[in-house]
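> I'd like to ask you about the structure that follows.
What follows is calculated from the coordinates using simple rules that are stated; it is not laboratory data. Source: prediction; values computed, not measured. As a convention, Cβ positions derive from the backbone with ideal geometry for all residues, glycine included, and neighbour counts pool all protein chains shown.
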Amino acid sequence: MNTESLMTISNQSLCVAFIFLLVAIVPVALSVTTKNKRTKRLGMSLTIAALLLQLTYFALRWLAIGHAPVSNMYEFMTFFGIMLLASALLLYQLYKQIVVVLFSIPFSLIIMGFGGVFTRDASPLIPALQSNWLSIHVITVAFSSAILSIAFATGIIYLLRTLDVETQTVHTRSLEFVMYCLVVLIGFISSSMFFSFTSEEKLIQFENREQEVENAAYIMPALIVNQDAVLVDSGQSIGVIEISNMLDAKKSNTILWAFLIGTALYLIIRMLTRKKIIQLLKPLTKKVNSTVMDEISYRAVVVGFPLFSLGGLLFAMIWAHLAWGRFWGWDPKEVWALVTWLFYAAFLHLRTSQGWEGKRTAWMSIIGFGLIVFNQVFVNLVIAGLHSYA
C-alpha cells in the first residue's frame with residue numbers, strides 16, 4: 001500500500017472516529033441521567049470504537065510519513081485528544097464513573113477540532129526535529145497532559161455537583177467564565193472551518209517590524225491589519241483597525257474573530273435556554289459522588305505529574321542538548337513548561353501537607369489545565385521561540 005493510500009485511510013479513520021464521538025455523547029449522557037444499561041453499552045461501544053479508529057489513524061500516519069506524527073500543531077493536538085479519551089476510558093475501568101467519560105468526550109473533540117484548524121500536510125522534519133528523542137519527548141508530554149486534563153474534567157464535575165449554581169458567588173461566576181472560555185474556543189474552531197470552506201484567501205502586504213515588505217495570507221475577513229496594509233492583487237487598503245507593525249495583526253485578527261463568534265454563540269445559548277451553561281450541565285452531576293471526583297482529580301495529578309516531569313523537562317532537556325547543544329536556554333516554551341511543573345508541584349504539596357481538598361483541588365486542576373493550554377497553544381502560536389515551528 002502506497003503512502004497516499006495510507007494517508008487517505010488514516011484521515012478517514014479519524015473523521016469516522018470524530019463522528020462516533022459526537023454520536024456517543026447522547027447515549028452516554030442518557031446513561032448518566034437514567035442509568036439505562038443499554039444506552040450505557042451503546043455509548044461505551046461507540047467511544048471504544050472511536051478510540052480504536054483514532055489509534056488506526058495514528059499508526060497509519062506514522063507508517064506513511066516515516067516518523068511519529070507529533071511534529072506540528074495538527075498532529076500534536078490530535079494525539080493530545082486521543083490520549084485524553086484513552087485516559088478517560090482507563091479511569092472508567094478503574095472507577096466505573098461514566099460521567100468522567102461524558103465530560104471528557106467534548107474536551108477531546110474540542111482539542112482535536114482545534115488541531116484541525118491547522119494544516120494537515122505532513123512536511124519533512126527540519127534538522128532539529130530529526131531525532132528519536134522528539135517522539136519520546138512529545139508523546140510523553142501529550143500523554144501526561146492528557147492525564148492532567150482528566151483532573152480538569154473531574155474538577156468541573158465536582159464543582160457542578162457541590163455548588164449551588166442558582167446563586168451568584170465567586171465560585172459560580174468563575175465556573176461560568178470557564179464555560180464561556182470553552183464556548184469561545186468552539187467559536188474559534190467553527191469560524192476557522194467556516195471561513196476556510198467559504199472564503200477565498202486574501203494576500204495582504206505590509207511592512208514588518210524590520211521595515212521589510214511582508215505578505216500575510218488571511219482566511220478570515222481582515223478586521224485587524226498592520227499599518228498601511230494593502231491587498232497584493234489590487235493595492236487597495238483593507239481592514240477596519242490598524243495596529244502597530246510591532247504586533248502580529250493576522251493572529252490578532254484571528255483572536256478577535258474567535259472572541260466575536262464565541263461570544264455570539266454563548267449569548268445565543270443563553271437566550272434560547274434562558275439559563276447559564278452551568279445550570280444546563282448541573283443535572284448531569286446529580287448522581288455523582290463528589291468525594292470520588294475529588295479522589296480522581298488527585299490521582300490523575302499523582303500519575304500525570306511525574307510523567308510530565310519526564311517528558312516536559314528531562315526528555316526535553318536531552319532533546320534540546322542534541323538539537324541545539326544546550327540543556328536549557330530560557331526559550332518561552334521551556335520557561336512555561338517549568339511554570340506548569342512548579343504549579344503542579346505546589347498542587348501536590350498543598351494537597352498532602354496542607355490538606356487542600358474539595359473546591360481547592362478542583363480549582364487548582366482547572367487552573368493547571370489553563371496553564372497546559374496556554375503552554376501548548378498560545379506560546380507555540382504567539383510567542384516567538386524555538387518551538388514556533390510547531
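> How many nm is it between the label spots at Asn208 and Ala264, if each spot is 7 Å from the Cα in line with the beta carbon?
So the two model labels end up 3.2 nm from each other.
> Starting from 0.36 nm per residue, how many nanometres of slack lie between Ser123 and Leu231 once their C-alpha separation is accounted for?
Once the chain is fully extended between Ser123 and Leu231, it gains 36.0 nm.
> Which translational diffusion coefficient, to the nearest whole µm²/s, is obtained for segment 167-275 from the Stokes-Einstein equation, given a Kirkwood hydrodynamic radius over C-alpha pairs, 10 °C and 1.306 mPa s?
The Stokes-Einstein estimate is 102 µm²/s.
> Moving to a separate point now. Specify which residue in the list Phe259, Leu223, Ala300 is farthest towards the positive end of the charge dipole of the chain, using unit charges on the beta carbon of Lys, Arg (+1) and Asp, Glu (-1), about the Cα centre.
Selected residue: Ala300.
> If you place +1 on the Cβ of every Lys and Arg, -1 on the Cβ of every Asp and Glu, and leave all else neutral, what size is the dipole of segment 167-275 about its Cα centre, to the nearest 20 Debye?
About 940 debye.
> Still on this structure, I have one more. Over segment 167-275, what is the mean sequence separation of C-alpha contacts under 8 Å (at least six apart), divided by residue count, expressed as relative contact order in percent?
Answer for segment 167-275 is 29 percent.
> Kindly provide the helix-only [θ] at 222 nm of the chain, computed as the sum of -39,500 (n - 2.57) over DSSP H runs of four or more divided by all residues, to the nearest 500 deg cm²/dmol?
-23000 deg cm²/dmol, from helical runs alone.
> With unit charges on the beta carbons (Lys and Arg positive, Asp and Glu negative) and the dipole taken about the Cα centre of the chain, which residue among Gly43, Ala346, Gly312 sits farthest to the positive side?
Highest projection toward the positive end goes to Gly43.
> Binning at 10 Å from 0, report for the chain what percent of all alpha-carbon pair distances ends up in each bin.
Once binned at 10 Å, the Cα pair distances of the chain give 5, 20, 30, 27, 14, 3, 0.
> Please work out how much length the chain gains when fully extended from Ile318 to Cys181, using 0.36 nm per residue of separation minus the C-alpha to C-alpha distance, in nm with one decimal.
Value of the extension gain: 45.8 nm.
> With everything on Cα atoms, drop me the angle between helix 170-198 and the longest principal axis of the chain, reported from 0 to 90° to the nearest 10.
Once rounded, one gets 40 degrees.
> Angle between the Cα long axis of helix 249-273 and the longest principal axis of the chain, 0 to 90 degrees, nearest 10?
With rounding to tens, the tilt is 30 degrees.
> Now for a separate question. Net charge near Tyr92, counting Lys/Arg +1 and Asp/Glu -1 over other residues with Cβ under 14 Å of its Cβ?
Here the charged neighbours net out to +4.
> More than 15 angstrom separation, counting every C-alpha pair in segment 1-66; what % is that?
In whole percent, the share of Cα-Cα pairs in segment 1-66 beyond 15 Å is 54.
> Something else now. Would you work out the relative contact order for the chain, in percent, from Cα pairs under 8 angstrom that are 6 or more residues apart?
Taking the mean separation of contacting Cα pairs over the length of the chain, I get 18 percent.
> Tell me the net charge near Leu280. Cut-off is 14 Å between Cβ atoms, Leu280 excluded, with +1 for each Lys or Arg and -1 for each Asp or Glu.
Within the 14 Å Cβ shell, the charges total +4.
> Can you list residues whose amide H is under 5 Å from Ile243's amide H, if they're 5+ apart or on another chain and H is modeled 1.01 Å from N?
Val225, Asn226, Gln227
> Here is a follow-up. Against the longest principal axis of the chain, how steep is helix 3-34, in degrees 0 to 90 to the nearest 10, with axes from Cα atoms?
Taking Cα atoms only, the helix is inclined about 40 degrees.
> So what's the convex hull volume per residue for the Cα atoms of segment 109-208, in Å³?
Measuring per residue, one finds 203 Å³ for the Cα hull of segment 109-208.
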